[in-house]
Amino acid sequence: MTSHNTIDFICNLRFHCSFTLPRAPPFRVTYADFGDSTSDAVVLLCGGLMTSRFCYSPLDQLAKAHNVRIIHPDRPGIGGTCEVPVNERITLWLAEMVPQLLAHLKIPYISLASHSGGDIYALATMTTYPNLLHPTNPYAMFFAPWVHPLYSGVSAMRAAELLPAPVLGNYGNIVRFLNEKLFPVKDKGDSISYRIKYLFQHSPPPPAPVPLIPTKFNISRSSASLGLISPSEIELDNHIVVEELRSLIITYLYAESMDGVSGDAQLFLRHPNSKGWSEPAADIGYAVPLLLKLIKEDSRTRDGKRTWTFDAFHAETDKMVGKKGQIWFDDLWRTEEGIEYRSRVLEWTDHNYIMDPAFGASAEWLRRVRNSFPQKKEPDHVVRKAATKRPLPLKALSKRIKRTIGFGIPSTGVDLSADLESSGKDSGFPSSTVGLHKGIKGRRSWRNLHS
């Protein structure tokens, strides 16, 4: 029997948000908006294969403790988000979903984070919208970054790459059928190889990744359970609650659409069906050098006014990527003027559970996110002056507000369609970067990327 506390948590409206793209026909996008809703330190989270907006909900309390807000959209055909053809997935993500979702939420700047194959979406977002990241301290994190089997050499993934289109094209439905009808399981992972192996070896496939390791392991998540203040929060050190939450997340995942999982599987494996504009974006070996080139050409980088920081947390055991794949991913990056890349292998972790708060990686990531959004601190003399200044009479205050509005409040960057258009004029990025991704129509200049 599931406790009301766990159900209250997963049913919280923060994990059931939606908005509609203004296109014909209307296109619905579902997303989760959790952590500290008042924070200016915002993460756009790109989850791994088989993940929906529920899957990273166990990080909610940890994000609150670090004063970080997390936005996790459902990709096309997953959860309540409408479906598109596989070769349009990244195009829609970049041209409409990301800019319009952030404009809808009035979020001016973000940090980016990805788990597994989400790195493809995260890198595509950074190369297309570098100005969406913080103007002086842009930061991105890669958890167990996915590497194509061409570079990792993982044999099981090479076999999956050769699967026929009908199998990959129905991947989401196959996994749903196996999980619901044949082998309902409670373990998790986003390992393609284990799901594909079932087709040949009759082993039950693990479902979607949830950053909570099974409770048969005696571990503590006390740091993620601090500050329990309402019934909608949960005790992650209670093994019964953890198992309930894991089970509920899987139930909710399969209760909604999973058609888009097939598209992601084809995209991650660079299957011929996914060719088109998305093909170069799905090649990390192309995306990372392109991003580094854009950063070096940014005048703010050369002037020392903008420093990019990238972190990669690799799993100690990773059957999807392997040691060769991890080394290959690290070798793509370099630390130089304006760019810092840090890589670390986390002990006791595997590809699927690396974000479990018990291992400390998620807490370290959220701390770094918070630090990348410096909080303004008024000088002492300003604070003392404000504390001793007599408040204005109501009438005078009303006149001041009217006068301020009349002359126009200085832009804060919240209105993406207007402020970023004006700020794009001196964004620092050269004109040569215009039109790098030809699949997005209507782009004329960098300052129009957000409109």
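No value in this document is a laboratory result; all are computed from the given coordinates. Only a predicted model underlies this, so the values are computations on that prediction, with no experimental measurement involved. Virtual Cβ from ideal backbone geometry, glycine too; neighbours counted across all protein chains shown.
Expected output is a single nm value to one decimal: the length gained when fully extending between GLU256 and SER18, i.e. 0.36 nm times separation in residues minus the C-alpha distance. What is it?
Values: separation 238, 0.36 × 238 = 85.68 nm, distance 1.40 nm.
Going from the current span to full extension adds 84.3 nm.
Can you give the convex hull volume of the alpha carbon atoms of segment 50-129 per residue, in Å³? Write out the running numbers ahead of the final one.
Numbers: hull volume 8.6 nm³, N = 80.
Convex hull of Cα atoms, per residue: 108 Å³.
Which cross-chain or sequence-distant (5 or more) residues have an amide H under 5 Å from the amide H of TRP348, H modelled 1.01 Å from N in plane?
GLU316
If we sort 94-105, 13-24 on the protection proxy, mean other Cβ atoms within 10 Å, highest first, what's the order? Display every interim value, and only then the final one.
Values: 94-105: 20.2, 13-24: 14.2.
Highest mean packing first, the order is 94-105, 13-24.
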